[in-house]
Amino acid sequence: MSDMLVKLYDLPQTDIFAKIRDQNVTLRPAMAPEKHLVCAWVNKHFNQDWVSEVEVAFSRQPVSVYIAVNEDNKMLGFACYDTTARGFFGPTGVDEAERGKGIGEALLLKCLHTMRVIGYGYAIIGWAGPTGFYAKKIGATIIEGSEPGIYKGLIKG
């Protein structure tokens, strides 16, 4: 998979945050006492590689992982930035039963807006899976010759 580039100074205007609020979904930074719960959720729904990246997000100050929770404080999704490398967005994921409701898009934009506020002009989406989604929602473009990019030589377990 290739990496993608996002212009943080040109993010789209959207009503996605109001849409998820209407569904009683809250986006917020994860807190340190939740680390074991967030990591367990990511491991259950995705994989151990992503758990490692979430652990890095928890080591940052402020924490660089956002979570989406419902009114019962049940976790629905997560998104990280500055984990594999500075300026990188991801990993990110939403519970399979909650997909298609805008949660992933909202988490993506929350992270990207935060990255812009802390001083980045651009973000890289590493090993971007749904390239069509990123192109449509935020105007991301594929970085030619970026496969495997930073992930070259990654140890396989």
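The values are calculated or read from the model by the stated rules, or taken from the named source; none is laboratory data. In this text, all values refer to a predicted model and were calculated from it rather than measured experimentally. Every residue, glycine as well, gets a Cβ built from its backbone with ideal geometry; the counts of neighbours run over all protein chains shown. SASA here: full protein model, heavy atoms, side chains in, ligands and nucleic acids out. Shrake-Rupley method; radii C 1.70, N 1.55, O 1.52, S 1.80 Å.
Some points to look at:
- Lys/Arg +1, Asp/Glu -1 at C-beta; region 100-157 dipole; positive extreme among 103, 146, 119: 103
- Listed by chain and number, the lysines whose C-alpha is less than 16 Å from the C-alpha of residue 137, apart from same-chain residues fewer than 8 away, are 7, 19, 101, 110.
- Solvent-accessible surface of region 1-89, averaged per residue with a 1.4 angstrom probe and all protein chains in place: 54 square angstrom.
- Share of carbon and sulfur in the accessible heavy-atom surface of region 70-112 [1.4 Å probe, %]: 39
- Amide H to amide H, with H built 1.01 Å from N, residue 77 comes under 5 Å of 68, 95, counting only residues 5 or more places away or on other chains.
- Two numbers describe the Cα atoms of region 1-67: Rg and Dmax, which are 14.6, 35 Å.
- Per-residue [θ]222 nm for the chain (sum of -39500 (n - 2.57) over DSSP H runs n ≥ 4, rounded to 500): -10000 deg cm²/dmol
- Rounded to the nearest 20 debye, the dipole magnitude of the chain is 180 debye, with +1 charges on Lys and Arg beta carbons, -1 on Asp and Glu beta carbons, and the Cα centre as origin.
- Rounded to the nearest 0.05, the FRET efficiency derived from the C-beta distance between residue 19 and residue 48 at R0 = 22 Å is 0.10.
- Loop GluC sites (Glu not before Pro), region 45-76 (other Cβ atoms within 10 Å of the site Cβ: 10 or fewer; DSSP): 71
- Alpha-carbon centroid distance for the pair region 104-157 / region 31-97, whole angstrom: 15
- P(r) histogram, all alpha-carbon pairs of the chain included - 10 Å bins from 0, percent: 11, 42, 38, 9, 0
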